[in-house]
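Each remark here refers to the structure printed beneath this line.
The values are calculated or read from the model by the stated rules, or taken from the named source; none is laboratory data. Not measured: the values here are computed from a predicted model. Reconstructed Cβ throughout: ideal geometry from the backbone, glycine too, with neighbour counts over all protein chains shown.
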Amino acid sequence: MHQVGVETYKYCPQCGGRLEERIIKAGEPPRLVCKNCGFVFYIDPKLAVIALVPLEEGLVLTRRAIEPGYGLWVVPGGFVDVGERLEEAVVRETLEETLLEVKVARLFNIYSYKQSRTVVAAYLTAYVAGELAPGDETLEARVFAPEEIPWEEIAFSSTRDALREYLQLIKTGRLP
């Protein structure tokens with residue numbers, strides 16, 4: 001069993017020695033271990049946040065101006081900086097990508113996938129201020145009514161899953 005991201009790293013961050021895969025503990029995935037100093041390089045998840053931003057009878061989506069997913073649609077979001085609270089990251093990323101100020105209403109769900117190192121925390125937000133426009137990592141920002149969402153052009157599983165779950169809750173009247 002290969003751990004996601006293992007093939008990316010070849011050298012020890014402590015001494016520069018060559019890393020090799022080893023089973024350290026039965027039942028756990030192989031770990032990267034330095035042949036020289038024995039340092040164990042754990043491949044940990046990366047944390048990202050996404051924002052569900054209801055606006056004008058629809059949801060805000062942005063078309064990416066960066067890779068991965070250049071030209072595809074996502075909900076606003078991005079990686080959390082060290083020392084940043086998740087709620088602050090949601091507000092920051094939404095402002096950077098849409099020029100909208102939002103406040104966090106609540107945690108919506110958390111998404112993780114075997115093939116990805118990224119764990120995504122999805123938040124339901126509420127519009128506070130601003131006029132919707134693309135930010136510097138965004139080609140386009142717009143509101144999509146539920147029936148207009150470009151499902152075939154969604155970049156990430158977390159966006160797709162969060163949108164489907166949100167729309168199902170709206171449809172069944174279970175979203176507060």
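The one condition from (1) touching a residue at least 24 places away in the same chain (Cβ under 8 Å); (2) more than 27 Å from residue 9 (Cβ to Cβ) that residue 88 does not meet is (1). Restricted to the range 87-143, and to residues there that are in a strand (DSSP E or B) and of a type in the set (Phe, Trp, Tyr), the residue that is farthest from residue 74 (Cα to Cα) is 127.
Restricting attention to the range 144-176, the residues being surrounded by 13 or more Cβ atoms within 10 Å (Cβ to Cβ) and either among the hydrophobic types (A, V, I, L, M, F, W, C) or not in a helix (DSSP H, G or I) (or both) number 11. Within the range 50-59, the set of residues being out of contact with any Phe, Trp or Tyr (no Cβ under 8 Å at 6 or more places or on another chain) and among the aliphatic types (A, V, I, L, M) is empty. Do we find a residue being under 25 Å from residue 104 (Cβ atoms), modelled with pLDDT under 95 and out of contact with any Leu (no Cβ under 7 Å at 6 or more places or on another chain) anywhere in the range 18-40? The answer is no; no qualifying residue exists. With respect to the conditions (1) touching a residue at least 60 places away in the same chain (Cβ under 8 Å); (2) exposed (fewer than 13 other Cβ atoms within 10 Å of the Cβ), residue 10 lacks only one, and its number is (1).
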